[in-house]
Amino acid sequence: MSKKATLEVNGKKVEFPVVTGTEKEVAIDIKTLRSATGGIITLDSGFKNTGACESAITFLDGEKGILRYRGYSIEELAEKAHFLEVVYLLIFGDLPTQEQLDKFDSDIKENCIVDDDVKKILDAFPRSAHPMGVLSSLTSALTAFYPSSVDITSEEDMYNSIVHILGKFPVLVAWTMRKKQGLPLDYGDEELGYVENVMKMMFHLPNKKYVQNQVLVEALDKLLILHAEHEQNCSTSTVRIVGSSRAGLFASLASGISALWGPLHGGANQAVLEMLEAIKADGGDTKKYMAKAKDKNDPFRLMGFGHRVYKNFDPRAKIIKVAADEVLEDLGIEDPVLDIAKGLEQEALKDPYFVERKLYPNVDFYSGVIYRALGLPVEMFTVMFALGRLPGWIAQWKEMRLNKEPIGRPRQLYTGKTYREFVKIKKRGE
Ligand code: ACO
């Protein structure tokens with residue numbers, strides 16, 4: 001028997017269906033709220049209680065610290081799968097057979113060439129430009145070079161757009177960094193796997209043979225898997241809402257990149273490392289920064305801590321913390337900021353301020369330590385997050401289009417002036 005929720009408003013009782021997801025999550029379906037109540041809406045700033053869609057991609061239980069892509073646990077995927085398999089899983093719903101994976105890989109490689117004129121756009125940016133701004137602009141610009149990706153009328157069109165962007169995006173990622181470093185812009189090697197190719201495109205030097213370091217390849221593969229998808233977060237919701245207007249995939253992704261850039265979202269990984277460096281430069285006094293984070297008159301926040309959904313622990317942070325230790329050990333690197341990070345975590349875990357507010361390290365707290373070990377400049381950290389999140393954004397965009405979701409258009413409660421008569425300019429201020 002289907003359940004109902006009853007709302008009493010203005011002396012009238014209205015019933016709404018209660019819907020249950022496959023993991024027994026419950027939602028009140030308020031589609032008929034306005035029509036049944038004469039125009040009343042819900043108010044939920046920051047969407048803390050609002051489900052924007054039904055989705056079959058990611059299951060997340062923030063209380064229990066569970067994260068699953070298409071039913072598979074993040075722990076198992078990070079340990080046993082490769083990034084490209086996870087990309088396929090997220091976008092198409094199941095892990096690929098070897099044959100499916102080979103075809104997917106080859107279709108992506110076929111589409112990796114970026115029109116050479118894109119380099120002219122890149123040239124126009126100052127060297128000082130933040131790579132996230134550059135990446136967002138270049139991704140959007142791809143629409144002009146490949147206009148067929150906009151008007152998607154069949155699943156074949158959709159597939160073509162997807163393999164185009166999966167091929168070209170790593171090239172743009174590498175170019176944003178190489179441009180900043182004054183290195184030549186070119187391509188990787190189609191003989192290489194997806195992640196190895198990313199490493200080569202980013203780090204090879206024109207006068208040296210590039211030798212892959214398997215520890216680094218595996219570390220990046222794992223990081224990309226851990227960042228690949230996270231249901232309706234700020235950037236993903238942005239991609240879905242922009243895509244809902246039928247803007248093309250590349251334009252939708254470009255807006256997702258901009259949303260990810262912010263320090264409260266993906267930009268936190270850069271902010272964490274800058275914070276840890278500042279603490280180190282200030283003598284390593286973690287207690288001082290803990291006090292600042294708790295002081296409501298101080299805007300400082302402990303970056304990499306807290307999460308809108310995880311109120312227990314972030315399972316990705318647990319895996320990344322172990323990976324950071326392993327990578328530094330394998331590479332024989334001692335990074336004092338890792339010790340500072342661990343010290344902060346220890347203090348926060350027993351501090352009532354953090355305990356009461358259920359603030360734990362999130363995915364960004366330890367990832368920067370690994371990115372740095374890979375040899376990436378701090379400004380590239382969020383770009384690497386975008387590279388990882390790309391398949392999640394694509395999967396969510398595809399789902400939104402296939403489900404034929406209506407254009408996203410929230411309502412508001414107006415709190416401005418009521419009607420006023422227009423005053424001519426000479427009379428204003430009287
Ligand atoms: N340091 C200090 N206090 C914090 C922190 C923090 N990092 N995070 C939250 N709080 C406090 C808030 O001040 C607030 O306290 P109050 O109840 O006394 O007012 C309480 O905890 C709840 O915080 P909100 O900001 O209301 O929680 P919200 O769910 O809106 O924000 C967010 C979540 C944005 C992640 C927040 O925890 C934050 O700013 N963290 C630091 C930035 C960060 O690491 N972002 C990356 C998130 S993961 C990702 O997007 C990939």
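The values are calculated or read from the model by the stated rules, or taken from the named source; none is laboratory data. Please read all numbers here as calculations on a predicted model, not as lab measurements. As a convention, Cβ positions derive from the backbone with ideal geometry for all residues, glycine included, and neighbour counts pool all protein chains shown. We work out accessible area using only protein heavy atoms, side chains counted, and drop any ligands, DNA or RNA first. Shrake-Rupley method; radii C 1.70, N 1.55, O 1.52, S 1.80 Å.
Summarising the label geometry, the points placed 7 Å from Cα in the beta-carbon direction at Gln212 and Ile41 lie 5.2 nm from one another. For the stretch 202-294, a/c is not less than 1.5, where a ≥ b ≥ c are the root eigenvalues of the C-alpha gyration tensor, and a/b does not top b/c. That puts it in the oblate class. The Stokes-Einstein estimate for the stretch 32-89, based on a Kirkwood radius over Cα pairs and taken at 37 °C with 0.692 mPa s viscosity, is a diffusion coefficient of 227 µm²/s. Simple spin-label estimate for Lys64 and Asp123 gives 5.7 nm between the two label positions (7 Å along the Cα-to-Cβ direction from each Cα). Indicate the gyration tensor shape class of the stretch 59-130 (rounded, prolate or oblate), computed on the Cα atoms with a ≥ b ≥ c the square roots of the eigenvalues: a/c under 1.5 is rounded; otherwise a/b larger than b/c is prolate and the rest oblate. Judged from the Cα gyration tensor, the stretch 59-130 comes out oblate (a/c at least 1.5, b/c at or above a/b).
Heavy-atom accessible surface of the chain, averaged per residue, reaches 52 Å², computed with a 1.4 Å probe. Estimated at 0.36 nm per residue, the fully extended path between Asp282 and Val19 surpasses their Cα-Cα distance by 89.4 nm. The alpha carbon radius of gyration of the stretch 188-234, expressed as a multiple of 2.2 N^0.38 Å, is 1.39. When each of the peptides 62-73, 169-180 is scored by the mean number of other C-beta atoms lying within 10 Å of its residues, the order from highest to lowest reads 169-180, 62-73. Amide H contacts of Ala56 (H built 1.01 Å from N, in plane; Pro and chain starts excluded): no residue 5 or more places away or on another chain comes under 5 Å.
Note on the stretch 66-155: lysine pairs with Cα distance below 27 Å, sequence gap of 8 or more or different chains, count 4.
Kindly work out what percent of the DSSP beta bridges joining two residues of the chain are antiparallel, to the nearest 5.
Restricted to the chain, the bridges split so that about 100 percent are antiparallel.
Taking 15 Å as the cut-off, the amide N atoms of the stretch 1-40 that come nearer than this to a point 7 Å along the Cα-to-beta-carbon line of Ala56 belong to 21-23.
Ordering 338-347, 36-45, 153-162 by mean Cβ neighbour count within 10 Å, with the highest value first, yields 338-347, 153-162, 36-45. If a/c stays under 1.5 just call it rounded; otherwise compare a/b with b/c (prolate if a/b is bigger, oblate if not). Do that for the stretch 1-137, with a ≥ b ≥ c from the square roots of the Cα gyration tensor eigenvalues. Verdict is oblate for the stretch 1-137.
Rg/Rh for the chain: what does it come to with C-alpha atoms and Rh from Kirkwood? Value, to two decimals: 1.00. Highest average first, the peptides 190-202, 139-151 ordered by how many other beta carbon atoms sit within 10 Å of their residues are 190-202, 139-151.
Going by accessible area, probe 1.4 Å, with all protein chains left in place, what is the ranking of Glu421, Glu229, largest first?
Result, largest first: Glu421, Glu229.
Once neighbouring chains are kept in place and the probe is 1.4 Å, which whole percent of the accessible area of the chain is contributed by carbon and sulfur? Whole-percent figure for carbon plus sulfur exposure: 52.
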